[in-house]
Amino acid sequence: MGKVLIVEDERRVRDGLARALASRGHEAVSVANLADARRALADAALGCVLLDLHLPDGDGLDLLTELPAGLPVIVATASAESDRAILAMRGGAFEYVTKPFDLPELMAAVARALRSRELSRDAAGVPAARAGTSALVGGSAAMLSVWKLIGRAAASDAPVLIVGETGTGKDLVAQTLHNHSARAAEPFVAVNVASLPPTLIESELMGHEKGAFTGAIARRIGRIEAAGKGTLFLDEIGDLDPQLQAKLLRVLQDGGFERVGGSERLQSHARVVAATNKVVQPGHRDAVLREEIYYRLAVLEIAIPPLRARKSDIPMLVAHALRRTRARAVSEPAMQHLLAYDWPGNVRELLHVVERAALLCASDVIDAADLPPAIQAPTVAAASEDTLVLRDAVAALERRLIERALERSGGNRAEAARLLGIARPQLYAKLAEHGITRG
Ligand SMILES: Nc1ncnc2c1ncn2[C@@H]1O[C@H](COP(=O)(O)OP(=O)(O)OP(=O)(O)O)[C@@H](O)[C@H]1O
Ligand SMILES: [Mg+2]
């Protein structure tokens with residue numbers, strides 16, 4: 001039971017919310033714009049706010065910075081946009097929901113917000129929201145929770161561990177997190193710890209003194225120092241040598257470290273963000289991180305689900321990829337293939353496939369035949385071959401693709417070979433094999 005302020009310009013939605021709240025025993029106060037909301041906020045009895053972002057006299061996000069401390073706000077918008085969700089959560093929003101509302105879910109969020117209000121009537125003020133643009137595309141519930149986590153993490157200095165399969169966007173999430181954090185104006189320094197041998201990684205991270213080892217002809221500043229008060233992004237942390245994990249633990253504990261060959265104790269002020277695509281949970285038989293490191297790093301863990309677990313993001317990602325090409329759209333059959341495929345390489349693979357198909361396609365619409373065989377194979381073979389003999393089906397598909405490439409290239413064999421992604425002699429051999437003579 002509590003008092004809820006509804007800030008919503010659409011009358012129908014406003015009244016619906018007020019009724020739903022009243023039926024659960026809450027008291028609802030409704031306003032339709034920012035100016036009235038500002039006045040209504042003076043009411044100290046308010047337990048939480050339901051805030052629409054698109055208001056006739058301004059952006060609801062502005063209100064977040066003006067809230068009385070500890071007053072939870074549930075932000076509601078019509079579309080799932082990464083930037084808005086991140087900014088809202090970073091700005092201290094309690095929850096971020098999208099319309100149309102799932103009413104039971106929304107009422108549960110209201111109940112949580114009211115309870116949190118009671119628990120922390122005197123909580124600290126919220127940080128100011130910061131403008132920014134992020135390229136993190138998606139609209140699935142899974143991505144929405146990733147954005148929320150980024151927003152929460154951006155408002156803190158705690159270490160963050162980002163986990164996800166290859167190509168799910170770990171780098172992009174780390175960069176987005178930095179850009180939305182209070183450290184955005186400081187350096188973002190990324191180190192891929194899998195790319196160098198352990199001996200080099202140590203001096204890469206910590207730096208070294210002159211004469212520390214053969215070839216150390218001058219003092220060198222490491223990446224930790226280079227990150228200053230910014231963000232140190234340790235990529236592929238699962239590959240970090242166990243001895244170095246111990247040194248890293250110290251950095252995580254109190255920021256202390258020394259350059260290789262040096263004895264001066266240095267102090268890091270960087271925020272550590274790490275990423276891995278390996279199993280890291282201690283106790284798991286494949287765990288790659290020492291327990292202490294894991295618990296230090298995973299204060300905040302952002303798990304990015306694989307693309308196959310959030311296929312509703314595919315159309316948006318395709319549209320995102322198309323913006324960088326001369327193609328305009330993807331045909332319905334092609335989209336069916338893209339939605340059916342499993343995407344082991346996740347978003348990276350999808351973006352490559354669309355960009356490559358856009359290069360191959362004859363018109364400005366990508367069709368099923370422009371997609372790589374692995375992606376169109378299951379249905380192409382099933383739909384048009386009545387043989388189950390793999391060799392025959394593959395041969396028929398190969399023949400059709402070669403013919404299509406020759407058509408596209410106007411009979412130019414060098415060009416056809418390029419379109420098919422094979423060498424010219426290989427194409428000649430296949431032309432002979434299939435008895436194709438024209439072109
Ligand atoms: N949600 C997304 N919206 C837009 N682009 C994305 C998204 N996720 C990933 N990408 C793009 O996909 C590519 C791969 O992403 P990224 O390099 O961040 O993946 P990763 O998880 O770090 O992969 P790896 O484990 O192989 O290092 C990049 O070009 C990135 O910009
Ligand atoms: Mg990466």
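Brief remarks on what is shown
- Residue list for region 329-345, given a label point 7 angstrom along the Cα-to-Cβ vector of V365 and an amide N cut-off under 14 Å: 329-336
- Separation of region 294-318 and region 7-50, taken as the distance between their Cα centroids, equals 34 angstrom.
- With 0.36 nm allotted per residue and the present C-alpha distance subtracted, the A158-A218 stretch has 18.2 nm of extension available.
- If R0 is taken as 25 Å, the Cβ-Cβ distance between A141 and V279 corresponds to a FRET efficiency of 0.55.
- Here region 209-303 is assigned +1 on the Cβ of each Lys and Arg and -1 on the Cβ of each Asp and Glu. Its dipole about the Cα centre then comes out at about 320 debye.
- Calculated FRET efficiency, R265 to V299, Cβ-Cβ distance, R0 = 30 Å: about 0.80 to the nearest 0.05.
- Cross-link pairs beyond the 29 Å C-alpha cut-off, checked among K148/K247; K170/K229; K99/K311; K148/K278; K278/K311; K3/K311: K148/K247; K3/K311
- Rounded to the nearest 0.05, the FRET efficiency derived from the C-beta distance between S312 and E66 at R0 = 41 Å is 0.70.
- Expressed as a whole percent, the accessible area of the chain that falls on carbon and sulfur atoms is 54 (1.4 Å probe).
- Viscosity 1.306 mPa s, temperature 10 °C, Stokes-Einstein D of region 175-304 from Kirkwood C-alpha radius, µm²/s: 105
- Shape category assigned to the chain from the gyration tensor of Cα positions, a/c cut at 1.5: oblate
- Shape of region 261-350, Cα gyration tensor, a/c cut at 1.5: prolate
- Computed magnitude of the charge dipole of the chain (debye, nearest 20; Cβ of K, R +1, Cβ of D, E -1): 440
- Normalised contact order of the chain, rounded percent, pairs of Cα under 8 Å and 6 or more residues apart: 11
- Helical runs (DSSP H, four residues minimum) scored at -39500 (n - 2.57) apiece and divided by the length of the chain put the mean residue ellipticity at 222 nm at -13000 deg cm²/dmol.
- Net length gained if the chain between E118 and A185 were fully extended (0.36 nm per residue, minus Cα distance): 20.5 nm
The values are calculated or read from the model by the stated rules, or taken from the named source; none is laboratory data. Quick caveat: nothing in here was measured; it's all calculated off a predicted structure. Glycine gets a Cβ as well: all are built from the backbone with ideal geometry, and neighbour counts include every protein chain shown. With ligands, DNA and RNA removed, areas are computed over all heavy atoms of the protein, side chains included. Shrake-Rupley method; radii C 1.70, N 1.55, O 1.52, S 1.80 Å.
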